[in-house]
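If you scroll down you'll find the structure; I have some questions about it.
The values are calculated or read from the model by the stated rules, or taken from the named source; none is laboratory data. Treat the numbers as computed from the prediction; the structure is a model and nothing was measured. Neighbour counts run over all protein chains shown; Cβ positions are idealised from the backbone, glycine included. Areas reflect the complete protein model, heavy atoms only, side chains present, ligands, DNA and RNA absent. Shrake-Rupley method; radii C 1.70, N 1.55, O 1.52, S 1.80 Å.
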Amino acid sequence: MKIALMDSGIGLLAATAAVRRLRPDADLVLSLDPAGMPWGPRTPQDLTERAVAVAEAAAAYGPDALIVGCNTATVHALSTLRDLLEPGLPVIGTVPAIKPAAAGGGPVAIWATPATTGSDYQQGLIRDFAAGVKVTEVPCWGLAEAVEHADQAAIDEAITAAAALTPEEVTTVVLGCTHYELVAERIRAAVQRPQRPPLALHGSAGAVAAQALRRIGARPEPETATEGTVTVLLNGQEGALPAAALAYAEGRLLQAVSPAR
(Lines give C-alpha, C1' and ligand atoms only; values in the text may rest on other atoms or scores of the structure.)
Protein backbone atom coordinates (compact mmCIF):
# COMPACT_ATOMS: atom_id res chain seq x y z
CA MET A 1 0.00 0.00 0.00
CA LYS A 2 1.25 3.47 -0.86
CA ILE A 3 -0.41 6.70 0.31
CA ALA A 4 0.65 10.12 -0.97
CA LEU A 5 0.04 13.40 0.83
CA MET A 6 0.53 16.92 -0.47
CA ASP A 7 0.75 20.44 0.95
CA SER A 8 2.85 23.55 0.53
CA GLY A 9 4.72 22.69 3.73
CA ILE A 10 4.60 20.62 6.90
CA GLY A 11 0.88 21.04 7.58
CA LEU A 12 0.50 17.56 6.07
CA LEU A 13 2.34 16.04 9.05
CA ALA A 14 -0.81 15.59 11.13
CA ALA A 15 -2.57 13.52 8.47
CA THR A 16 0.67 11.70 7.66
CA ALA A 17 1.07 10.63 11.28
CA ALA A 18 -2.56 9.53 11.37
CA VAL A 19 -2.02 7.33 8.32
CA ARG A 20 1.18 5.94 9.87
CA ARG A 21 -0.69 5.02 13.07
CA LEU A 22 -3.56 3.33 11.20
CA ARG A 23 -1.30 1.48 8.75
CA PRO A 24 2.34 1.32 9.88
CA ASP A 25 3.06 -0.85 6.84
CA ALA A 26 2.01 1.75 4.26
CA ASP A 27 4.66 3.43 2.13
CA LEU A 28 4.27 7.21 2.25
CA VAL A 29 5.02 9.84 -0.39
CA LEU A 30 5.05 13.42 0.91
CA SER A 31 4.96 16.07 -1.81
CA LEU A 32 5.76 19.64 -0.70
CA ASP A 33 6.12 23.01 -2.42
CA PRO A 34 8.89 24.88 -0.57
CA ALA A 35 9.45 27.16 -3.58
CA GLY A 36 5.83 28.26 -3.55
CA MET A 37 4.82 28.33 0.08
CA PRO A 38 2.75 29.69 1.69
CA TRP A 39 -0.29 28.93 -0.43
CA GLY A 40 -2.78 30.94 1.64
CA PRO A 41 -2.10 34.40 0.15
CA ARG A 42 -2.10 33.15 -3.46
CA THR A 43 -4.96 33.65 -5.89
CA PRO A 44 -7.15 30.59 -6.40
CA GLN A 45 -5.80 30.12 -9.94
CA ASP A 46 -2.17 30.40 -8.83
CA LEU A 47 -2.70 28.07 -5.87
CA THR A 48 -4.43 25.54 -8.10
CA GLU A 49 -1.55 25.55 -10.57
CA ARG A 50 0.95 24.91 -7.79
CA ALA A 51 -1.25 22.22 -6.24
CA VAL A 52 -1.50 20.45 -9.60
CA ALA A 53 2.29 20.41 -9.94
CA VAL A 54 2.74 19.02 -6.44
CA ALA A 55 0.01 16.42 -7.00
CA GLU A 56 1.44 15.28 -10.32
CA ALA A 57 4.87 14.85 -8.73
CA ALA A 58 3.30 12.57 -6.11
CA ALA A 59 1.19 10.70 -8.67
CA ALA A 60 4.32 9.78 -10.61
CA TYR A 61 5.23 7.45 -7.71
CA GLY A 62 2.10 5.35 -8.24
CA PRO A 63 0.26 5.82 -4.94
CA ASP A 64 -3.06 4.16 -4.22
CA ALA A 65 -4.56 7.40 -2.86
CA LEU A 66 -3.63 11.09 -2.58
CA ILE A 67 -4.52 13.18 0.47
CA VAL A 68 -4.67 16.96 0.06
CA GLY A 69 -3.32 17.83 3.50
CA CYS A 70 -4.30 21.50 3.36
CA ASN A 71 -7.64 23.19 3.97
CA THR A 72 -6.96 26.08 1.57
CA ALA A 73 -5.86 23.79 -1.26
CA THR A 74 -8.95 21.66 -0.73
CA VAL A 75 -11.19 24.72 -1.09
CA HIS A 76 -9.62 25.95 -4.31
CA ALA A 77 -8.04 22.95 -6.02
CA LEU A 78 -9.83 19.75 -5.01
CA SER A 79 -12.25 19.68 -7.93
CA THR A 80 -9.43 20.32 -10.40
CA LEU A 81 -7.28 17.60 -8.87
CA ARG A 82 -10.13 15.10 -8.97
CA ASP A 83 -10.90 15.94 -12.59
CA LEU A 84 -7.23 15.39 -13.41
CA LEU A 85 -6.45 12.26 -11.39
CA GLU A 86 -9.64 10.33 -10.67
CA PRO A 87 -10.84 7.65 -11.04
CA GLY A 88 -7.37 6.16 -11.37
CA LEU A 89 -6.12 7.90 -8.22
CA PRO A 90 -8.60 8.69 -5.43
CA VAL A 91 -8.10 12.23 -4.09
CA ILE A 92 -9.15 12.99 -0.50
CA GLY A 93 -9.59 16.58 0.66
CA THR A 94 -9.34 18.11 4.13
CA VAL A 95 -12.46 19.81 5.51
CA PRO A 96 -12.64 21.56 8.92
CA ALA A 97 -14.35 19.32 11.48
CA ILE A 98 -17.29 21.69 11.98
CA LYS A 99 -19.96 18.98 11.79
CA PRO A 100 -18.67 16.79 14.66
CA ALA A 101 -17.79 19.88 16.69
CA ALA A 102 -21.29 21.30 16.38
CA ALA A 103 -22.82 17.95 17.33
CA GLY A 104 -21.69 18.63 20.89
CA GLY A 105 -23.90 21.71 21.06
CA GLY A 106 -21.21 24.36 21.46
CA PRO A 107 -20.50 27.17 21.82
CA VAL A 108 -17.86 26.55 19.13
CA ALA A 109 -14.85 28.55 18.02
CA ILE A 110 -13.31 27.91 14.59
CA TRP A 111 -9.62 28.78 14.53
CA ALA A 112 -8.58 29.34 10.92
CA THR A 113 -6.26 31.39 8.78
CA PRO A 114 -7.33 34.99 8.16
CA ALA A 115 -8.00 34.11 4.51
CA THR A 116 -10.41 31.33 5.50
CA THR A 117 -12.10 33.16 8.38
CA GLY A 118 -15.31 34.72 7.12
CA SER A 119 -14.94 33.09 3.69
CA ASP A 120 -17.97 31.92 1.74
CA TYR A 121 -16.61 28.39 2.05
CA GLN A 122 -16.43 28.42 5.84
CA GLN A 123 -19.74 30.26 6.14
CA GLY A 124 -21.33 27.53 4.03
CA LEU A 125 -20.00 24.80 6.33
CA ILE A 126 -21.37 26.67 9.34
CA ARG A 127 -24.80 26.98 7.72
CA ASP A 128 -24.83 23.34 6.67
CA PHE A 129 -23.49 21.71 9.82
CA ALA A 130 -23.82 24.14 12.75
CA ALA A 131 -27.30 25.59 12.44
CA GLY A 132 -28.56 26.61 15.87
CA VAL A 133 -25.10 26.44 17.44
CA LYS A 134 -23.26 29.57 18.54
CA VAL A 135 -20.11 29.74 16.39
CA THR A 136 -17.29 32.27 16.60
CA GLU A 137 -14.80 32.51 13.76
CA VAL A 138 -11.32 33.28 15.08
CA PRO A 139 -8.63 34.54 12.67
CA CYS A 140 -5.22 33.21 13.71
CA TRP A 141 -2.78 35.78 12.39
CA GLY A 142 0.64 34.30 11.69
CA LEU A 143 0.04 30.96 13.42
CA ALA A 144 0.40 28.70 10.37
CA GLU A 145 3.59 30.49 9.34
CA ALA A 146 5.03 30.24 12.85
CA VAL A 147 4.24 26.51 13.01
CA GLU A 148 5.76 25.99 9.56
CA HIS A 149 9.07 27.42 10.75
CA ALA A 150 8.84 25.98 14.29
CA ASP A 151 9.29 29.51 15.63
CA GLN A 152 8.34 28.84 19.24
CA ALA A 153 8.07 32.48 20.33
CA ALA A 154 5.92 33.35 17.32
CA ILE A 155 3.73 30.30 17.95
CA ASP A 156 3.11 31.40 21.53
CA GLU A 157 2.36 34.97 20.44
CA ALA A 158 -0.11 33.88 17.73
CA ILE A 159 -1.88 31.42 20.03
CA THR A 160 -2.17 34.02 22.78
CA ALA A 161 -3.66 36.53 20.34
CA ALA A 162 -6.19 34.04 19.00
CA ALA A 163 -7.13 32.87 22.49
CA ALA A 164 -7.91 36.49 23.40
CA LEU A 165 -10.45 36.53 20.54
CA THR A 166 -12.07 33.30 21.71
CA PRO A 167 -15.15 33.77 23.95
CA GLU A 168 -14.77 32.42 27.47
CA GLU A 169 -17.89 30.25 27.20
CA VAL A 170 -16.53 28.26 24.24
CA THR A 171 -16.52 24.51 24.92
CA THR A 172 -15.19 23.32 21.55
CA VAL A 173 -12.47 24.53 19.18
CA VAL A 174 -12.24 23.47 15.54
CA LEU A 175 -8.67 23.44 14.26
CA GLY A 176 -9.41 24.81 10.80
CA CYS A 177 -5.87 24.64 9.44
CA THR A 178 -3.80 21.47 9.33
CA HIS A 179 -0.78 23.27 10.79
CA TYR A 180 -2.72 23.96 13.98
CA GLU A 181 -3.04 20.26 14.78
CA LEU A 182 0.73 20.16 15.34
CA VAL A 183 0.32 22.52 18.33
CA ALA A 184 -3.08 21.31 19.50
CA GLU A 185 -2.13 20.91 23.15
CA ARG A 186 -0.67 24.41 23.28
CA ILE A 187 -3.96 25.71 21.89
CA ARG A 188 -5.87 23.71 24.48
CA ALA A 189 -3.79 25.16 27.31
CA ALA A 190 -4.34 28.70 26.05
CA VAL A 191 -8.13 28.42 25.66
CA GLN A 192 -9.03 26.20 28.62
CA ARG A 193 -10.64 28.34 31.31
CA PRO A 194 -10.37 27.57 35.04
CA GLN A 195 -13.39 25.78 36.50
CA ARG A 196 -14.73 25.06 33.01
CA PRO A 197 -15.30 21.56 31.55
CA PRO A 198 -12.37 20.13 29.57
CA LEU A 199 -12.11 21.82 26.20
CA ALA A 200 -12.90 19.67 23.15
CA LEU A 201 -10.58 20.04 20.15
CA HIS A 202 -11.57 18.82 16.68
CA GLY A 203 -8.98 18.34 13.96
CA SER A 204 -9.31 16.62 10.61
CA ALA A 205 -6.28 14.32 10.43
CA GLY A 206 -7.84 11.16 11.82
CA ALA A 207 -10.96 11.40 9.67
CA VAL A 208 -8.94 12.15 6.54
CA ALA A 209 -6.64 9.16 7.10
CA ALA A 210 -9.61 6.86 7.70
CA GLN A 211 -11.36 8.15 4.58
CA ALA A 212 -8.24 7.48 2.48
CA LEU A 213 -8.26 3.85 3.60
CA ARG A 214 -11.98 3.53 2.88
CA ARG A 215 -11.53 4.93 -0.63
CA ILE A 216 -9.05 2.17 -1.48
CA GLY A 217 -10.92 -0.61 0.31
CA ALA A 218 -8.35 -1.00 3.07
CA ARG A 219 -8.86 -1.43 6.79
CA PRO A 220 -6.95 0.04 9.73
CA GLU A 221 -4.33 -2.40 10.99
CA PRO A 222 -2.47 -0.45 13.67
CA GLU A 223 -0.74 -3.54 15.03
CA THR A 224 1.01 -4.25 11.72
CA ALA A 225 4.80 -4.22 11.89
CA THR A 226 6.32 -0.89 10.89
CA GLU A 227 7.68 -1.56 7.44
CA GLY A 228 6.49 1.42 5.43
CA THR A 229 8.97 3.79 3.83
CA VAL A 230 8.84 7.58 3.50
CA THR A 231 9.69 9.42 0.29
CA VAL A 232 9.84 13.23 0.51
CA LEU A 233 9.46 15.32 -2.65
CA LEU A 234 10.49 18.97 -2.60
CA ASN A 235 9.11 20.55 -5.78
CA GLY A 236 9.24 17.15 -7.41
CA GLN A 237 12.79 16.25 -6.35
CA GLU A 238 13.51 13.67 -3.68
CA GLY A 239 14.88 15.23 -0.52
CA ALA A 240 14.54 15.26 3.25
CA LEU A 241 11.83 16.44 5.57
CA PRO A 242 12.31 20.13 6.45
CA ALA A 243 14.26 20.48 9.69
CA ALA A 244 11.28 22.22 11.31
CA ALA A 245 9.26 19.00 10.99
CA LEU A 246 11.40 17.39 13.66
CA ALA A 247 10.22 19.96 16.20
CA TYR A 248 6.90 18.07 16.30
CA ALA A 249 6.05 14.57 17.47
CA GLU A 250 4.34 13.89 14.14
CA GLY A 251 7.56 14.64 12.27
CA ARG A 252 9.73 12.59 14.60
CA LEU A 253 7.35 9.64 14.16
CA LEU A 254 8.28 9.52 10.48
CA GLN A 255 11.96 9.07 11.32
CA ALA A 256 11.21 5.75 12.97
CA VAL A 257 10.83 3.92 9.67
CA SER A 258 13.00 2.46 6.94
CA PRO A 259 14.75 4.81 4.52
CA ALA A 260 12.72 5.87 1.51
CA ARG A 261 12.84 3.62 -1.52
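Regarding the range 120-213, what whole-number volume in Å³ per residue does the convex hull of its Cα atoms give?
It comes to 122 Å³ per residue, whole-number rounded.
Show me the ranking of peptides 29-39, 120-130 by mean Cβ neighbours inside 10 Å, starting with the highest.
Packing order, densest peptide first, comes out as 29-39, 120-130.
Right, another one. What does the extension gain come out to for ALA184 and GLU168, with contour length at 0.36 nm per residue minus their alpha carbon separation?
Taking ALA184 through GLU168 to full extension adds about 4.0 nm, to one decimal.
What percent do you get for the relative contact order of the chain when only Cα pairs under 8 Å and 6+ apart count?
28 percent
What Rg and what Dmax come out for the range 154-261 when only alpha-carbon atoms are used, in angstroms?
Values for the range 154-261 (Cα only, Rg and Dmax): 17.5, 51 Å.
Excluding ligands and nucleic acids, what accessible area in Å² is computed for TYR61 using a 1.4 Å probe, to the nearest 10?
Estimated to the nearest 10 Å², TYR61 gives 70 Å².
Please sort 202-213, 185-196 by packing, taking for each peptide the average over its residues of neighbouring beta carbons within 10 angstrom, highest first.
My ranking of the peptides, most packed first, is 202-213, 185-196.
Using only DSSP helix segments of four residues or longer, with each worth -39500 (n - 2.57), what per-residue ellipticity at 222 nm results for the chain after dividing by its residue count and rounding to 500?
Only helices count here, giving -11000 deg cm²/dmol.
Treat each spin label as a single point 7 Å out from the Cα along the C-beta direction, and report the THR43 to LEU246 distance in nm.
4.0 nm
Just the projected area, averaged over all directions, of the convex hull on the alpha carbon atoms of the range 33-102: how many nm²?
Approximately 5.4 nm², given one-decimal rounding.
Find, to one decimal place in angstroms, the Kirkwood hydrodynamic radius of the range 71-149, where the mean of 1/r is taken over every pair of different Cα atoms and then inverted.
By the Kirkwood definition, the hydrodynamic radius is 14.0 Å.
Follow-up question, since we're still on this one. To two decimal places, what compactness ratio does the range 1-156 give when its Cα radius of gyration is scaled by 2.2 N^0.38 Å?
Compactness ratio reported: 1.07.
Additional query: From the Cα trace of the range 83-125, what convex hull volume per residue do you get, rounded to a whole Å³?
So the per-residue Cα hull volume is 110 Å³.
Can you give me the accessible area per residue for the range 1-63, using a 1.4 Å probe, in Å²?
About 31 Å² of surface per residue is accessible.
Identify which of ALA101, ALA240, ALA26 has the largest mean-square fluctuation in a Gaussian network model of the chain, with springs joining Cα atoms closer than 10 Å.
Top of the fluctuation ranking is ALA240.
What nm distance separates the two modelled labels at LYS99 and ASP156, each placed 7 Å from Cα along Cα→Cβ?
3.9 nm
Let me check I have the definition right: for the chain, take the eigenvalues of the Cα gyration tensor, multiply each by 5, take square roots. What are those semi-axes in whole Å, largest first?
29, 19, 18
With no solvent and one equal point scatterer per Cα, compute the Debye intensity ratio I(q)/I(0) for the range 1-42 at 0.15, 0.20, 0.23 Å⁻¹ and report its log10, rounded to two decimals.
For the requested q values the scattering log ratios are -0.39, -0.61, -0.73.
Sticking with this structure for a sec: Counting alpha carbon pairs within less than 8 Å and at least 6 residues apart, what relative contact order, in whole percent, applies to the range 158-256?
22 percent
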